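The values are calculated or read from the model by the stated rules, or taken from the named source; none is laboratory data. Computed from a predicted structure; not experimentally measured. Here the Cβ positions follow ideal geometry from the backbone for every residue, glycine too, while neighbour counts run over all protein chains shown.
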Amino acid sequence: MIAFDLTVNGESRSAAVEPRTTLVDYLRGELRLTGTHVACAHGVCGACTVLVDGQPMRSCLMLAVQAEGAQVTTVEGLSNPEALTPLQAAFRKHAAVQCGFCTPGILTTMHALLTNEPHADEARIREVLSGNLCRCTGYMAIVAAVLDARAHYAGAAA
Amino acid sequence: MKLPRFDYAAPTSIAQAVALLAQSGGSARPIAGGQSLMPLLAFRVTAPSLLVDLRKVPGLGEITIGADGVTLGARVRWCDIEAEARLATAQPLLRAAMAHVAHYQIRQRGTVGGSLAHADPAAELPGLAVTCDAVLTLQGPGGARRVAAADFFLGPLETALAPDELITAVQFPAWSPTRRWGFQELSRRHGDFALAGIALHFDLVGGRATDAHIGVFGACTRPHRIASAEAALNGQVPAAVAAAVSQAVTEAVTPMDDIHASAAYRRDLAGVLAERALLAAAGETA
């Protein structure tokens with residue numbers, strides 16, 4: 001076992017895991033943060049994307065211990081119990097969710113993209129979205145929702 | 001699949017990291033971003049006794065730009081290269097190729113050293129390193145040695161790196177003001193591995209190409225320069241010899257059939273990409 005500290009969704013955590021434990025297995029198995037989904041488990045599908053120090057990373061391609069000292073944000077950490085976030089509201093408005101399995105990874109990735117690049121155009125959004133597979137293939141609604149949410153991020157950056 | 005069991009260490013110096021690799025008798029593996037190694041572990045293609053994590057080793061994350069070229073520390077990530085605006089003039093070919101490397105999330109963690117050590121024949125950085133005559137610095141228990149990229153890549157996932165050596169940096173030679181470049185690759189989906197790719201540069205002096213470097217990746221077991229294509233370009237007006245260069249590339253590559261594309265398709269593709277890259281470099285479009 002290996003012990004280390006990290007912050008998950010703003011809460012300090014002391015972890016003790018086997019070295020081989022991936023970050024996604026720690027988040028889901030130990031912390032029961034099951035909003036982060038795991039599908040391919042080898043870095044192809046993007047379902048497990050979380051934010052590590054604000055940047056989107058595949059949590060199946062990281063050892064939990066590699067998040068030592070980091071600020072990890074999962075899809076739960078993007079949410080607000082009072083109301084939908086602007087990105088969530090846009091996904092709802094555009095019905096950008098079908099089965100929903102890929103949605104947490106897309107929300108985390110697109111939140112990071114719009115935070116980094118509030119004026120990302122449709123081509124850029126599609127390019128970045130290529131790292132997240134939606135097997136319902138509902139990409140058009142997802143792109144529309146992300147485009148719609150841009151105004152909020154641009155306003156926040158100004 | 002869950003990863004196989006291994007021990008884990010996060011040393012705080014290159015010397016400690018190399019010592020740990022040496023003590024393991026060849027059964028340890030370094031890890032940095034893990035974007036190539038973690039999938040191999042998940043498939044249990046490899047089962048090291050120990051992972052030596054480089055995240056706490058200082059001095060590996062820097063991009064140095066000077067008169068002797070561009071040096072990338074082994075832990076420089078793809079997103080660091082994308083963010084370094086000075087590379088637009090210091091190494092424009094490298095910077096332009098970054099858009100083709102994997103996906104957004106992978107580019108936040110994937111590292112230069114990891115890609116070189118992994119040596120996927122379809123990866124961009126090994127192709128660029130060979131094309132540009134880059135030189136790798138390897139640190140072992142007996143000290144450092146420098147190895148030309150052309151001598152480093154031996155075959156698919158096979159390199160000249162000894163089990164007790166670490167890649168610490170790769171140096172790209174200085175870019176000349178008269179240099180033109182082209183980069184083309186084709187993959188089935190955005191961010192996928194290339195079916196074939198071409199990187200090239202040459203100096204345009206008096207309208208004619210000199211010092212041509214034409215490299216191929218993804219259509220062969222390891223990236224390599226193509227001397228016959230370079231000979232077809234040197235001394236010529238680039239656009240006038242595009243077809244001849246393309247033909248030379250097609251004849252020189254030795255791809256294999258696989259699930260993604262046939263060898264014949266890849267051979268043709270490499271030639272087409274070479275023509276496009278050359279015309280783009282010459283300021284014309286295919």
(request) Find the residue count for the range B:78-114, including only residues that are touching a residue at least 24 places away in the same chain (Cβ under 8 Å), surrounded by 22 or more Cβ atoms within 10 Å (Cβ to Cβ) and within 14 Å of another protein chain (Cβ to nearest Cβ). (result) 10
(request) Name every residue in the range B:1-33 that is in a loop (DSSP other than H, G, I, E, B), away from every other protein chain (no Cβ under 14 Å) and closer than 20 Å to B:Ser115 by Cα, in order of residue number. (result) B:Gly26, B:Ser27
(message) Go through the range B:191-220 and report how many residues are without any contact (Cβ under 8 Å) to a residue 24 or more places away in the chain and closer than 15 Å to B:His100 by Cβ.
(response) 1
(request) Among the residues of the range B:145-163, count how many are part of a strand (DSSP E or B) and surrounded by 14 or more Cβ atoms within 10 Å (Cβ to Cβ). (result) 3
(message) Looking at B:Pro39, B:Pro58, B:Pro30, can you tell me which residue is out of contact with any His (no Cβ under 8 Å at 6 or more places or on another chain), over 20 Å from A:Ala70 (Cα atoms) and at pLDDT 95 or above?
(response) B:Pro30
(request) Looking only at the range B:94-116, decide whether some residue is of a type in the set (Lys, Arg) and part of a helix (DSSP H, G or I). (result) yes
(request) Check whether at least one residue in the range B:120-132 is within 14 Å of chain A (Cβ to nearest Cβ), assigned to a helix (DSSP H, G or I) and either among the basic types (Lys, Arg) or within 27 Å of B:Pro255 (Cα to Cα) (or both), and report yes or no. (result) no
(message) Take the residues in the range A:1-16 that are touching a residue at least 24 places away in the same chain (Cβ under 8 Å) and closer than 16 Å to A:Val52 by Cβ; name whichever of them is surrounded by the fewest Cβ atoms within 10 Å (Cβ to Cβ).
(response) A:Gly10
(message) Restricting to the range B:47-60, give me the number of residues that are within 14 Å of chain A (Cβ to nearest Cβ) and either exposed (fewer than 13 other Cβ atoms within 10 Å of the Cβ) or of a type in the set (Gly, Ala, Ser) (or both).
(response) 2
(request) Could you tell me whether B:Ala144 is at pLDDT 95 or above, touching a Ser or Thr at 6+ places or on another chain (Cβ under 8 Å), over 22 Å from A:Leu61 (Cα atoms) and of a type in the set (A, V, I, L, M)? (result) yes
(message) Being surrounded by fewer than 16 Cβ atoms within 10 Å (Cβ to Cβ), out of contact with any strand residue (DSSP E or B) (no Cβ under 9 Å at 6 or more places or on another chain) and within 22 Å of B:Leu157 (Cα to Cα) is the filter here; which residues of the range B:6-46 pass it?
(response) B:Gly25, B:Gly26, B:Phe43, B:Arg44, B:Val45
(message) Restricting to the range B:200-249, count the residues that are of a type in the set (Phe, Trp, Tyr) and farther than 18 Å from B:Ala123 by Cβ.
(response) 1
(message) Show the residue pairs meeting these rules: Cβ distance below 6 Å; 6+ apart or different chains; first residue within the range A:36-55 and more than 9 Å from every other protein chain (Cβ to nearest Cβ); second residue in a loop (DSSP other than H, G, I, E, B) and not hydrophobic (A, V, I, L, M, F, W, C).
(response) A:Thr36/A:Thr74; A:Ala47/A:His37; A:Cys48/A:Thr36; A:Val50/A:Thr36; A:Val50/A:Thr74
(message) With the structure loaded, tell me whether A:Arg58 is charged (D, E, K, R) and either surrounded by 19 or more Cβ atoms within 10 Å (Cβ to Cβ) or in contact with a Lys or Arg (Cβ under 6 Å, 6 or more places away or on another chain) (or both) or whether it fails that test.
(response) yes
(request) May I ask you to verify whether B:Gly73 is surrounded by fewer than 18 Cβ atoms within 10 Å (Cβ to Cβ) and small (Gly, Ala, Ser)? (result) no
(request) Pick out the one residue from B:Leu93, B:Leu138 that is of a type outside the set (Val, Ile, Thr), touching a strand residue (DSSP E or B) at 6+ places or on another chain (Cβ under 6 Å) and closer than 30 Å to B:Ala22 by Cα. (result) B:Leu138
(message) Restricting to the range B:164-190, and then to whatever is part of a loop (DSSP other than H, G, I, E, B), touching a strand residue (DSSP E or B) at 6+ places or on another chain (Cβ under 8 Å) and small (Gly, Ala, Ser), can you tell me which residue is modelled with the lowest pLDDT?
(response) B:Ser176
(message) For the range A:108-119, check the following and say yes or no: at least one residue is surrounded by 15 or more Cβ atoms within 10 Å (Cβ to Cβ), within 14 Å of chain B (Cβ to nearest Cβ), over 24 Å from A:Leu61 (Cα atoms) and free of Cβ contacts under 8 Å to residues at least 40 places away in the same chain.
(response) yes
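So that you can scan it fast, the table gives a plain yes or no per residue for (1) surrounded by fewer than 24 Cβ atoms within 10 Å (Cβ to Cβ); (2) outside any loop (DSSP other than H, G, I, E, B); (3) in the same structural domain as B:Gln35 (by TED's automatic domain parsing):
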position: B:Asp192; (1), (2), (3): yes, no, no
position: B:Gly197; (1), (2), (3): no, yes, no
position: B:Ala229; (1), (2), (3): no, yes, no
position: B:Gln236; (1), (2), (3): yes, no, no
position: B:Ala242; (1), (2), (3): yes, yes, no
position: B:Ala248; (1), (2), (3): yes, yes, no
position: B:Asp257; (1), (2), (3): yes, no, no
position: B:Arg267; (1), (2), (3): yes, yes, no
